[in-house]
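Participant: Once you've had a glance at the structure underneath, I'll fire off some questions.
The values are calculated or read from the model by the stated rules, or taken from the named source; none is laboratory data. Source: prediction; values computed, not measured. Positions of Cβ are generated from backbone atoms using ideal geometry, with glycine treated the same way; all protein chains shown enter the neighbour counts. Protein only, heavy atoms only, side chains kept; ligands, DNA and RNA dropped before computing areas. Shrake-Rupley method; radii C 1.70, N 1.55, O 1.52, S 1.80 Å.
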Amino acid sequence: LSMHSERPGHRMYEQWHPLGIVGIISAFNFPVAVWSWTSMLALVCGDVCLWKPSSKTPLCAVACQNIIADVFKKNNVPEGVCCLLVGNPVGDMMNNDQRVPLISFTGSTRIGRTVSKTVAERFGRTILELGGNNAIIVSEKADLNMVTIGAVFGAVGTAGQRCTSTRRLIIHESIYEKTISVLKKAYSQLKVGNPLDAANHVGPLIDKKAVGDYLNAIERAKTEGGKMLVEGKVLRGTGYESGCYVNPCIIEAKNNFHIVQEETFAPVLYVMKYKKLEEAIALQNNVPQGLSSSIFTTDMREMEKF
């Protein structure tokens, strides 16, 4: 690709330099997408891919491997150009192997630190997509209808199991009670159940450990002084036999609570007040994780400042 430069008499162009072998370690919540966008770019550049999927979602990986193996066969490309490796020990082997110059890792911040350190020690490269503690600032000049749609989907979509899920809602004190009232009404209408049924809004957590993390977060928030605005519980009965379906909850909390400073991969939303925009931005940034951020306002100056 060639393109013009802003400097007269100059041009820019892209060069693709294949690295050789690219290692892809993906997470359960996007069991196909991460492999797709990483491996396709790598293949275009002339690399070979090693894919280690989450051990919680191996069947998606097997299905993808069968699909791409068939495409390779029809085009006389060796199947080994895109390999599938399953099992937890494989991740450590890839991270430590000098023959894999690039590791793309998607997962928790905790494991990401280990991957980064291990690969860096052998002067390898990493692409890390880690956890988030994403906040939405709700200005007193916000459109509450838009806030409801955005905040509810952000917090409960995919049962809160996205790195970009909304974890914190920072609301201007003048519209705090009104916003909470609107959110409570929206949460009361959520249907939890089999995600293959289009009538449902919220599916299950990935496993019992995730349910344990959800319950632990609620208890810790209460212990630190949090107030339950929408109760969280594990759902029982017909359709919920797996024990992995939970009720999305809302907790009034302070940003400095230890549990609020952590990422819980579940539909737990913390809400808090602010007075001035500078304070809201400071609260949003005052967590160990980055990733995504947003503001609801109809004031252009607030948007620009944000």
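Participant: Hey, among E241, E304, which residue is in a loop (DSSP other than H, G, I, E, B) and among the acidic types (D, E)? Write out each step before concluding.
Facilitator: Working: E304 fails: in a loop (DSSP other than H, G, I, E, B).
Being in a loop (DSSP other than H, G, I, E, B) and among the acidic types (D, E) holds for just one of E241, E304, which is E241.
Participant: Here is a follow-up. Counting just the residues of the stretch 220-238 that are more than 20 Å from V156 (Cα to Cα) and among the small types (G, A, S), which one comes out surrounded by the most Cβ atoms within 10 Å (Cβ to Cβ)?
Facilitator: G225
Participant: Suppose we keep only residues that are modelled with pLDDT of 95 or more and aliphatic (A, V, I, L, M) within the stretch 44-58. Which one would you say is surrounded by the most Cβ atoms within 10 Å (Cβ to Cβ)?
Facilitator: L50
Participant: Checking K227 against (1) touching a residue at least 40 places away in the same chain (Cβ under 8 Å); (2) closer than 17 Å to I180 by Cβ; (3) over 21 Å from the mean Cα position of the chain (by Cα), which single condition isn't satisfied?
Facilitator: Condition not satisfied by K227: (1).
Participant: Note down all Cβ pairs under 6 Å where the first residue falls in the stretch 175-199 and is modelled with pLDDT of 95 or more, the second is surrounded by 10 or more Cβ atoms within 10 Å (Cβ to Cβ) and in a helix (DSSP H, G or I), and they're at least six residues apart or on different chains.
Facilitator: V182/L144; V182/T148; A186/T148; A186/V152
Participant: Can I ask one more? If I filter the stretch 185-205 for residues that are open to solvent by less than 80 Å² (accessible area, probe 1.4 Å) and assigned to a strand (DSSP E or B), do I get at least one hit?
Facilitator: Of the residues in the stretch 185-205, the ones open to solvent by less than 80 Å² (accessible area, probe 1.4 Å) are 186-187, 190, 192-194, 197, 199-200, 202-205.
Narrowing the set further to residues that are assigned to a strand (DSSP E or B) leaves 192, 202.
Checking the stretch 185-205: at least one residue is open to solvent by less than 80 Å² (accessible area, probe 1.4 Å) and assigned to a strand (DSSP E or B).
Participant: For the stretch 259-279, check the following and say yes or no: at least one residue is under 27 Å from T106 (Cβ atoms), open to solvent by less than 50 Å² (accessible area, probe 1.4 Å) and small (G, A, S).
Facilitator: Filtering the stretch 259-279 for residues under 27 Å from T106 (Cβ atoms) gives 259-270.
Subsequent filtering for residues that are open to solvent by less than 50 Å² (accessible area, probe 1.4 Å) retains 259-261, 264, 266-270.
If we keep only those that are small (G, A, S) as well, we get 266.
For the stretch 259-279, residues under 27 Å from T106 (Cβ atoms), open to solvent by less than 50 Å² (accessible area, probe 1.4 Å) and small (G, A, S): present.
Participant: A further question on this structure: Return the residues of the stretch 118-142 that are in contact (Cβ under 8 Å) with a residue 40 or more places away in the chain, surrounded by 16 or more Cβ atoms within 10 Å (Cβ to Cβ) and not in a loop (DSSP other than H, G, I, E, B); say none if nothing qualifies.
Facilitator: E129, N134, A135, I136, I137, V138
Participant: A further question follows. With (1) more than 11 Å from P267 (Cβ to Cβ); (2) open to solvent by less than 30 Å² (accessible area, probe 1.4 Å); (3) of a type in the set (A, V, I, L, M) as the list, and A217 as the residue in question, which single condition is left unmet?
Facilitator: (1)
Participant: Considering the stretch 87-117 alone, what residues qualify as being small (G, A, S) and outside any helix (DSSP H, G or I)? I'd like the intermediate steps shown before the answer.
Facilitator: Quick first cut of the stretch 87-117, residues small (G, A, S) only: 87, 91, 104, 107-108, 112, 116.
Those that are small (G, A, S) and outside any helix (DSSP H, G or I): G87, S104, G107, S108.
Participant: When N96 is evaluated against the numbered criteria (1) in contact with a Ser or Thr (Cβ under 8 Å, 6 or more places away or on another chain); (2) of a type in the set (S, T, N, Q); (3) surrounded by 20 or more Cβ atoms within 10 Å (Cβ to Cβ), which criterion, by number, is the only one it fails?
Facilitator: N96 satisfies every listed condition except (3).
Participant: Take the stretch 290-306 and flag every residue that is open to solvent by 30 Å² or more (accessible area, probe 1.4 Å), in contact (Cβ under 8 Å) with a residue 60 or more places away in the chain and out of contact with any strand residue (DSSP E or B) (no Cβ under 7 Å at 6 or more places or on another chain). Steps first, please.
Facilitator: Taking the stretch 290-306 and keeping what is open to solvent by 30 Å² or more (accessible area, probe 1.4 Å), we get 290-296, 298, 300-301, 303-306.
From what is left, the residues that are in contact (Cβ under 8 Å) with a residue 60 or more places away in the chain are 290-296, 298, 306.
Those that are open to solvent by 30 Å² or more (accessible area, probe 1.4 Å), in contact (Cβ under 8 Å) with a residue 60 or more places away in the chain and out of contact with any strand residue (DSSP E or B) (no Cβ under 7 Å at 6 or more places or on another chain): G290, T298.
Participant: While we're here: Which of the residues that make up the stretch 65-93 are closer than 28 Å to R113 by Cα and of a type in the set (A, V, I, L, M, F, W, C)? First the steps, then the outcome.
Facilitator: Our first condition is that a residue be closer than 28 Å to R113 by Cα; within the stretch 65-93, this holds for 82-93.
Hits for the stretch 65-93 are C82, C83, L84, L85, V86, V90, M93.
Participant: Has the stretch 162-179 got at least one residue that is small (G, A, S), within 21 Å of P288 (Cα to Cα) and in a helix (DSSP H, G or I)?
Facilitator: Going through the stretch 162-179, the residues small (G, A, S) turn out to be 165, 174.
Then keep just the ones that are within 21 Å of P288 (Cα to Cα); that gives 165.
Now restrict to residues that are in a helix (DSSP H, G or I): none.
No; the residues of the stretch 162-179 include none that is small (G, A, S), within 21 Å of P288 (Cα to Cα) and in a helix (DSSP H, G or I).
Participant: Looking only at the stretch 163-181, count every residue that is surrounded by fewer than 17 Cβ atoms within 10 Å (Cβ to Cβ) and of a type outside the set (S, T, Y) and tell me the total.
Facilitator: The qualifying residues number 3.
Participant: Among the residues of the stretch 5-42, how many are under 31 Å from the mean Cα position of the chain (by Cα), surrounded by fewer than 19 Cβ atoms within 10 Å (Cβ to Cβ) and not polar (S, T, N, Q)?
Facilitator: The qualifying residues number 12.
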